[in-house]
Amino acid sequence: MKAEIISIGTELLLGQITDTNAPYLASELPLLGIDLHWISQVGDNRNRLVATLKRAYDRSDIIITTGGLGPTEDDVTREAISELLGEEMRVDPELEQWLRSMFQKISYDMPERNIKQANLIPSARAIANTRGTAPGWWVEREERIILAMPGPPGEVKQMWENEIRPELKRRLSGEVIISRTLKTLGLTEAKVDEMVSPLLSSTNPTIAVYAKLDGIQLRLTAKDRDAAKAEEAIARTEEKLRDILGWAIWGYDEDTLEGLIGNMLRERLLSLATMESCTGGLLASTITDAPRSSDYFKGGLVAYSAQMKAAFGVDAALLAQQGTVSPDVAAAMARAVRLRLEADIGIGITGVAGPAEVEGKPVGTVHIAIDAERESTSLSVLYPPRRHEVKRHAVYSALFKLRQLLLSWEQAVSS
């Protein structure tokens, strides 16, 4: 089956918000054996939306829309679908009663404008929305399915997972597409592509290489009418990739570096502390994105100036001699925070995020150090000179370096 996603909202075209719904749905459709052929965006204009829907209706079996189901005048998705199919909308009494009860629960009188959210056409049935006031539409006509969902990502996800996906899965009995993502760090995109080039000609599974802020990712996709056979094809190719890439692979699918490292620290009963300069607290923030990070994370210090670095325990003479951006200063920061916060491991990061040089060092210069009582290690890197990316790359590099250190300790114990 051919599918098409249409994201609706003028704010998307103006760049005011980023569309996260389309990527989420795009990752879900293959799991049902549905091929996604097109993704488009259109503003809150009825005529243009009707034209976009007609094009989709002429070439796709399943059309999924997000956005435009609110109560305001510029929410025109229902009206556009109605016009496309030549069907008249009418208020559904049960939907109207549900809407009014939703407002009663929060002790508000429902504005009459919200009545439009209770409209249906003969070919549509309502899709329950447990997180908002906008029911979706499930429309079927002429062997086409139109699935209209609201715009907020939380509402899209719950509606898809609880209402739409189970129904589609029940109806469809075609090929199943299984995907697996391998995550690497420490190698460039070109290097990964070169290393795995003998496998890139594979057609089932296919292998795609992507550059992300947390490293280079490889997405394996296998298709078969038998899910078990698709899984087997993925497993065989994954084993070959592990043999080729080895140490560079740090995780799979939904794994995060902060989550994996958190588990390693928790299992080893180790504590961690950080002192950051150019990353401005982003490392500590990322570490605490992992659940139960309080089990092992002592805290983080943001020492942006030379004075703050000295106040937190970095030798003032070293700062006067080398400036704030050097491998030795990163090492001193890591040691100072480890001792100051009484942690087993300290991480120090200093560098130049941009937009201008600092102390003659170019934008993108980053020095990372990890200090532990038994061992210390460091890393110096020059990243592409884009401020946000410098900070994010530095954080992931620090976490990856810590992972390597913890693994080396584990291997030393086992040997």
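No value in this document is a laboratory result; all are computed from the given coordinates. Computed from a predicted structure; not experimentally measured. We place every Cβ from the backbone using ideal geometry, glycine too, and count neighbours over all the protein chains shown.
Here are the numbers for the structure shown:
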quantity	calculated
Selected from Ala334, Gly346, Ile261, residue furthest toward positive end of dipole (the stretch 257-414; charges at beta carbon)	Ile261
Only Lys, Arg (+1) and Asp, Glu (-1) charged, at Cβ; the stretch 53-187 dipole about Cα centre in debye	700 debye
Ranked list, fewest to most other Cβ atoms within 10 Å of each Cβ, for Met1, Met275	Met1, Met275
Student exercise, the stretch 279-415 dipole from Lys, Arg, Asp, Glu Cβ charges, in Debye to nearest 20	320 debye
Likely footprinting exposure, Arg46, Arg225, fewest C-beta neighbours within 10 Å first	Arg225, Arg46
Answer label for P(r) over Cα pairs in 20 Å bins from 0, in percent (calculated), chosen among [x] 27, 56, 17, 0; [y] 22, 41, 32, 5; [z] 21, 37, 23, 16, 3	[y]
Separation between Cα centres of the stretch 29-52 and the stretch 272-316, rounded to whole Å	44 Å
The chain - mean residue ellipticity at 222 nm from DSSP helices (-39,500 (n - 2.57) per run, n ≥ 4, rounded to 500)	-11500 deg cm²/dmol
Most mobile listed residue (Gln104, Gln322, Gln158) in the chain, GNM with C-alpha springs under 10 Å	Gln104
The stretch 148-241, dipole about Cα centre (Lys/Arg Cβ +1, Asp/Glu Cβ -1), debye to the nearest 20	120 debye
Relative contact order of the chain, defined on C-alpha pairs under 8 angstrom at six or more residues apart (%)	10 percent
Unit charges at the beta carbon, dipole of the chain: most positive-side option, Ala412, Tyr108, Gly186	Ala412
Charge dipole of the chain about the Cα centre (unit charges at C-beta), most positive-ward option of Ile62, Ala284, Leu200	Ala284
Of the GluC sites (Glu not before Pro) in the stretch 251-358, those whose Cβ has at most 15 other Cβ within 10 Å and which sit in DSSP loop	Glu254, Glu342, Glu357
Packing-based exposure ordering (other Cβ within 10 Å, fewest first) of Lys105, Lys361	Lys105, Lys361
Cα gyration tensor, the stretch 1-144 - rounded (a/c under 1.5), prolate or oblate	prolate
